[in-house]
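Asks: Sending over a structure as structure tokens; questions will come in a sec.
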Amino acid sequence: MAEAAAVITTTGKRKSAIARVRLTLGSGTITVNGRALDNYFPREASRMIIHQPFEAVSGMGRYDIVANIHGGGLSGQADALRHGISRALEKLDSANRPTLKKKGMLTRDARKKERKKYGQKGARARFQFSKR
């Protein structure tokens, strides 16, 4: 276990969202871009995603999180925050690694939006073709 006053800083990513996470021992408050978690993420599903790493390592209410997130939408930002929190918990105590790894929370989800190609309507969609 790291020192009690230690501040652990990590980065989590998902799609085009990037979350910079600062984890400290505390009362369990989560602040995102200067706002409370409930205020920033109105959907319950997003909040559940963010709390998953704490539930996995039995750390609910023991750590304070201050996160700065930019890019992407709310769903991608929630996943980026989960990734950042998971990495911070692993950095705090390496004994958390097997639990988090087994649940797939340390793996960076590399899926991104595919770019549009020239001569086509979208990434894969072609313009309509008429034989006659």
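The values are calculated or read from the model by the stated rules, or taken from the named source; none is laboratory data. Keep in mind it's a predicted model, so treat the numbers as computed, not measured. Cβ coordinates were reconstructed from backbone atoms using ideal geometry, including for glycine residues, and neighbour counts include every protein chain displayed.
Asks: Taking only the range 74-99 into account, find how many residues are in contact (Cβ under 8 Å) with a residue 12 or more places away in the chain and either of a type in the set (Phe, Trp, Tyr) or over 16 Å from residue 19 (Cβ atoms) (or both).
Replies: So in the range 74-99, the residues in contact (Cβ under 8 Å) with a residue 12 or more places away in the chain come out as 74-93, 96, 99.
Checking the rest, the ones that are also either of a type in the set (Phe, Trp, Tyr) or over 16 Å from residue 19 (Cβ atoms) (or both) come to 92-93, 96, 99.
Counting residues in the range 74-99 that are in contact (Cβ under 8 Å) with a residue 12 or more places away in the chain and either of a type in the set (Phe, Trp, Tyr) or over 16 Å from residue 19 (Cβ atoms) (or both) gives 4.
The rows are residues; the columns are (1) among the acidic types (Asp, Glu); (2) closer than 25 Å to residue 9 by Cβ; (3) not in a helix (DSSP H, G or I).
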{"position": "72", "(1), (2), (3)": "no, yes, yes"}
{"position": "76", "(1), (2), (3)": "no, yes, no"}
{"position": "80", "(1), (2), (3)": "no, yes, no"}
{"position": "88", "(1), (2), (3)": "no, yes, no"}
{"position": "104", "(1), (2), (3)": "no, yes, yes"}
{"position": "109", "(1), (2), (3)": "yes, yes, yes"}
{"position": "117", "(1), (2), (3)": "no, no, yes"}
{"position": "129", "(1), (2), (3)": "no, no, yes"}
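Asks: So which of 94, 86 is at pLDDT below 95 and of a type in the set (S, T, N, Q)?
Replies: Numbers: 86 fails: at pLDDT below 95.
The conditions single out 94.
Asks: Among the residues of the range 102-124 satisfying the criterion of being without any contact (Cβ under 8 Å) to a residue 24 or more places away in the chain and under 14 Å from residue 55 (Cα atoms), which is nearest to the chain's Cα centre (by Cα)? Full working, then the answer.
Replies: First pass over the range 102-124, keeping only residues without any contact (Cβ under 8 Å) to a residue 24 or more places away in the chain: 102, 104, 106-107, 110, 114-124.
In the following step, the residues that additionally are under 14 Å from residue 55 (Cα atoms) were identified as 102, 104.
Values: 102: 17, 104: 12 Å.
It comes out as 104.
Asks: Quick one: residue 96 ticks every box in (1) surrounded by fewer than 18 Cβ atoms within 10 Å (Cβ to Cβ); (2) out of contact with any strand residue (DSSP E or B) (no Cβ under 8 Å at 6 or more places or on another chain); (3) not in a loop (DSSP other than H, G, I, E, B) except a single one, so which number is it?
Replies: (1)
Asks: So, in the range 37-64, of the ones that are assigned to a loop (DSSP other than H, G, I, E, B) and not aliphatic (A, V, I, L, M), which residue ends up surrounded by the most Cβ atoms within 10 Å (Cβ to Cβ)? Please lay out each step first, then the result.
Replies: At the first step, the residues of the range 37-64 found to be assigned to a loop (DSSP other than H, G, I, E, B) are 41-43, 57-62.
Adding the requirement that they be not aliphatic (A, V, I, L, M) leaves 41-43, 58-59, 61-62.
On the way: 41: 22, 42: 9, 43: 11, 58: 9, 59: 19, 61: 10, 62: 12.
That would be 41.
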